[in-house]
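Step one of this worksheet: look at the structure below.
The values are calculated or read from the model by the stated rules, or taken from the named source; none is laboratory data. From a predicted model like this one, the values you see are computed outputs, not experimental measurements. Every residue, glycine as well, gets a Cβ built from its backbone with ideal geometry; the counts of neighbours run over all protein chains shown. Side chains are part of the model used for accessible areas, which takes the heavy atoms of the whole protein and leaves out ligands, DNA and RNA. Shrake-Rupley method; radii C 1.70, N 1.55, O 1.52, S 1.80 Å.
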Amino acid sequence: MVTSGRWRRAGAFAAAVVMVTLAGCSTTPAATPGFDLDAALGKVPADVSTVHGLDLPLDRSLLTPVEELEVIKARTTLIARCLAAHGITFALEAVDPVRDATKPRRHGLVDPGEAATYGYRDPSVFAPRSAAPAQQPPSDVVSVITGARTGRVGGRDVPSGGCAGEADRAIAPDAKPGQEPVSFGLSGRGYEITRTTPPVSAAATKWSHCMAEAGFRYDSPDAAMNDPAFSAGRASAHEIAVASQDVRCKERAEWVRTWVGVERAVQDVLIGQHGDDVARERQHKERQLAVARGING
């Protein structure tokens, strides 16, 4: 269930540009040798009712889905300006960070209003959007964006790495805008550790029993959310019933409180193993966001 939300709904053109030109911003999970699970579990509150909020320690060095799209919006703006400076007129698809961002569901579905309206579907999928498909750029435009074309275009030298490279250097000091790779990797590792810990497994069992009382048989919240019957189109009445019961059972089993309490402790241990990298990425995140917001206005 861990996702970066990475430009998934940033528009067809913007997504294509990102995939071609941000290969350097890999989010390969970081290695975490010698993880001390007992030390992490020792930090978990004995009474999970004292756990509040959904924030996690690594959030401070990670871009949210909206923030990721803020960076993409700024990057798209800079690319458009660069193309115009080379005499190239091409309308890049607009990026709306608030509209286009995928809502995080690290703990599955937890909003009763969303469950009652959309079932397990992401509400952003149903947001009003232009009916016209995104215009794909011709190859000569792509070559200037990516830097595949060199020399002079429109009376100006194509910058190193193309217009995308120029935009990257403007947004991030290391020319690598986007999600922070070490923190993202640690977040994924923390998620995988958390999901198999005894407290979370016990909460999943309670949740499963609660679902069974309503006639829905699933071993875990992931199994319900990933039911193939709920994979296409709008939610059926059955899906909405399952999703609504899912949210109620999470509350009864204290699923979210348990998960958050455990994962906070797990992430604290992981950060302790990678403190310098996480601190550096926190500064990198703040810098690129500040630049992006200045460009976006």
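If I filter the range 114-134 down to residues being open to solvent by 40 Å² or more (accessible area, probe 1.4 Å) and modelled with pLDDT of 90 or more, which single residue comes out as farthest from Pro221 (Cα to Cα)?
Thr117
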Checking Gly165 against (1) part of a helix (DSSP H, G or I); (2) touching a helix residue (DSSP H, G or I) at 6+ places or on another chain (Cβ under 6 Å), which single condition isn't satisfied?
(2)
Check whether at least one residue in the range 151-169 is under 20 Å from Asp277 (Cβ atoms) and open to solvent by 80 Å² or more (accessible area, probe 1.4 Å), and report yes or no.
no
Restricting to the range 134-172, what's the tally of residues that are under 22 Å from Ala94 (Cβ atoms) and of a type in the set (D, E, K, R)?
2
Those residues of the range 171-180 which are farther than 17 Å from Asp276 by Cβ and either surrounded by 19 or more Cβ atoms within 10 Å (Cβ to Cβ) or under 14 Å from the mean Cα position of the chain (by Cα) (or both), in sequence order
Ile171, Ala172, Pro177, Gly178, Gln179
For Gly185: the one exception among (1) more than 22 Å from Leu289 (Cα to Cα); (2) out of contact with any helix residue (DSSP H, G or I) (no Cβ under 8 Å at 6 or more places or on another chain):
(1)
Only one residue in Ser183, Ser231, Ser244, Ser187 is hydroxyl-bearing (Ser, Thr, Tyr), at pLDDT 95 or above and open to solvent by 20 Å² or more (accessible area, probe 1.4 Å), so which one is that?
Ser244
